[in-house]
Ligand SMILES: C[S@@+](CC[C@H](N)C(=O)[O-])C[C@H]1O[C@@H](n2cnc3c(N)ncnc32)[C@H](O)[C@@H]1O
């Protein structure tokens, strides 16, 4: 019953070195503010907090142990001892998890990109459903978010959407949303009542600040809709679409959703910056021969991570194998979605811990 | 006909979809039908939705005042970047209409000032004065001044006056350091889109004899060292540049990003 859940020697020595690192960085940070240091601190802080709790609980336990033979307090101490041991066990698990190397940028805010995959206009419709799902989910979570770019084809189908989520660690939270999402349902236009399968691809990127990654404006070309003629007071144009091309990489972002060119340009630039930063990061990673993270950029049907099955009112994640029967609530952005997201997180965690 | 079909007939598919989306986003559901009807008859979108984004501001638009143009926004943002937010600027905007030029310049100065750490020490003051000879236009600029949340910190430093720019300036304008104007410059309303000539105020569009000459003379009455006027034609640039040169100012014309001659810039 009084089994000791102490962390391994290797772990405790790792923890003490983190403690001294934290002190050093804090001092440096107080003298000299920098985003880099702030990020490092934010990364270590949760571990230090948990470790302090862990050490306090350990002290508590050894005090309680010495009381178990006390004629008056013995029973009381035994009861508390079992609570504290439980707590220590929990803390130990949490610390073990925190010590697992996190994906880079775990603490960043993020951008979610959504594009239709296989399935024509049904896929475009599903992509806009996912857009609405994430927008409402963030609103329900009270996380600030804005839709940077959404572009549509001539029949009104969504081609692409980008939501910026201004919540610290939202990258960590949403990173496993990346992949192919599959929908099974009867399209409104289907006369024979057959179920169609279509897909949408989701990519999740960490938000990068301008200090961390700047674009050389000379490498950009802006295309805007320009009426011929004298312009100015003579016409009152409402056309505001902007296309930004990054010439060296031929990366193109189009934004037509806002009412002024100025706004569309700012949003397109933000998306471009995030994408180029990710590209840059992946290139560096490849160079250092590290494994490439497997964000899905393709819209291949076989890479599906999750299925939204309308006839069965069911949503299944294929990594955690968790199914929920609250499809409409999830699609409306209800907080039920977090059950799925978190199930994936623990499934992947367990896979890591083996 | 569906709403989209009506709009498509008037605007083309792409623009019809964009505008219907904005209407659905910004108007009450029951107002959309009327909005579509008006819009497909050529009524300006900004009077229907009630605003036009201009830099970081959502300028209130009403039929009494000209709708802000992207060309104006473009030079206005360029001018704001050329000003020193740590100096005591006083902006005089002649022919202010909605007030968009004046408000955006001060808004940008305010933002630059806030994000500049040195300003804590200098605590610079910038103020603005907008003049127009149309009460209808002044109504709209006053609404903007009183209602735009972004202007809240600037409200007490901005003055709006009814004044004819063909006459000498009111005393409070003489200490201005920067002068701007987007005066009416169209020679004949036939040259404008019908949506413009039918729905925007004539006195905001139609050129008046000697208007550019008088704008330059008004500028010279002040202590300003910098001025930008919007133009519709190259000869209007020449008119201004000639007078500025006579008074030993540097002056030149600039094109907008659509390759049309758009502004005259002058510096003392
Ligand atoms: C082209 S609008 C410009 C409005 C605004 N500044 C803009 O850029 O969108 C011209 C404005 O000049 C005003 N105006 C016309 N003649 C004027 C005059 N003689 N004195 C003062 N204002 C005048 C009109 O009422 C109108 O509001």
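Some observations on this one:
- When each of A:263, A:273 is tested for being within 9 Å of chain B (Cβ to nearest Cβ) and surrounded by 13 or more Cβ atoms within 10 Å (Cβ to Cβ), the lone residue that passes is A:263.
- Filtered residues of segment A:183-201 (kept if part of a strand (DSSP E or B) and either surrounded by fewer than 23 Cβ atoms within 10 Å (Cβ to Cβ) or not assigned by TED's automatic domain parsing to the domain that holds residue A:331 (or both)): A:184, A:185, A:196, A:197
- If the condition is being over 25 Å from residue B:201 (Cα atoms) and either at the interface with chain A (Cβ under 9 Å from one of its Cβ atoms) or free of Cβ contacts under 8 Å to residues at least 24 places away in the same chain (or both), then segment B:1-14 contributes B:1, B:2, B:4, B:5, B:8, B:12, B:13, B:14.
- Among the numbered conditions (1) touching a residue at least 40 places away in the same chain (Cβ under 8 Å); (2) in contact with a strand residue (DSSP E or B) (Cβ under 7 Å, 6 or more places away or on another chain); (3) within 14 Å of chain B (Cβ to nearest Cβ); (4) under 23 Å from residue A:107 (Cα atoms), the only one that residue A:149 does not meet is (4).
- Candidates A:59, A:12 - the one that is loosely packed, with under 12 Cβ neighbours inside 10 Å and assigned to a helix (DSSP H, G or I): A:59
- Test: residue in segment B:206-229 that is more than 16 Å from residue B:95 (Cβ to Cβ) and within 14 Å of the ligand (Cβ to nearest atom): no
- Residue B:152 meets the conditions (1) farther than 23 Å from residue B:215 by Cα; (2) touching a residue at least 24 places away in the same chain (Cβ under 8 Å) in every case but one. The failed one is (2).
- Candidate set from segment B:82-101 (those that are within 12 Å of the ligand (Cβ to nearest atom) and assigned to a helix (DSSP H, G or I)); member that is farthest from the other protein chains (Cβ to nearest Cβ): B:101
- Residue match in segment B:70-81 (condition: within 16 Å of the ligand (Cβ to nearest atom), away from chain A (no Cβ under 14 Å) and crowded, with 21+ Cβ neighbours inside 10 Å): yes
- Checked across segment B:248-265, the condition of being in a helix (DSSP H, G or I), buried (at least 22 other Cβ atoms within 10 Å of the Cβ) and within 16 Å of the ligand (Cβ to nearest atom) holds for no residue.
- Of the helices (runs of 4 or more DSSP H) lying entirely inside segment B:104-204, those containing at least 2 residues that are within 16 Å of the ligand (Cβ to nearest atom) are B:135-147, B:194-199.
- Within segment B:28-57, the residues that satisfy the criterion of being within 9 Å of another protein chain (Cβ to nearest Cβ) and within 19 Å of residue B:108 (Cβ to Cβ) are B:51, B:52, B:53, B:54, B:55, B:56.
- Condition broken by residue A:149, with the remaining ones in (1) part of a strand (DSSP E or B); (2) modelled with pLDDT of 90 or more satisfied: (2)
- Applying a threshold of 8 Å to beta carbon distances and a minimum spacing of six or more residues, or different chains, the list of pairs starting in segment B:78-106 at a residue that is farther than 22 Å from residue B:162 by Cβ and ending at one that is assigned to a strand (DSSP E or B) and within 16 Å of the ligand (Cβ to nearest atom) reads B:79/B:178; B:79/B:180; B:79/B:228; B:83/B:178; B:89/B:178.
- Hits in segment B:232-247 (condition: within 14 Å of chain A (Cβ to nearest Cβ), away from the ligand (no atom under 11 Å from the Cβ) and either in contact with a helix residue (DSSP H, G or I) (Cβ under 7 Å, 6 or more places away or on another chain) or part of a strand (DSSP E or B) (or both)): B:236
- Restricting attention to segment B:128-162, the residues being surrounded by 13 or more Cβ atoms within 10 Å (Cβ to Cβ) and more than 17 Å from the chain's Cα centre (by Cα) number 2.
- Screening segment B:60-69 for residues that are more than 8 Å from the ligand (Cβ to nearest atom) and in contact with a strand residue (DSSP E or B) (Cβ under 9 Å, 6 or more places away or on another chain) and picking the one that is nearest to residue A:237 (Cα to Cα) gives B:61.
The values are calculated or read from the model by the stated rules, or taken from the named source; none is laboratory data. Source: prediction; values computed, not measured. Quick reminder, even Gly has a Cβ in these numbers, built from the backbone with ideal geometry, and neighbours come from all protein chains shown.
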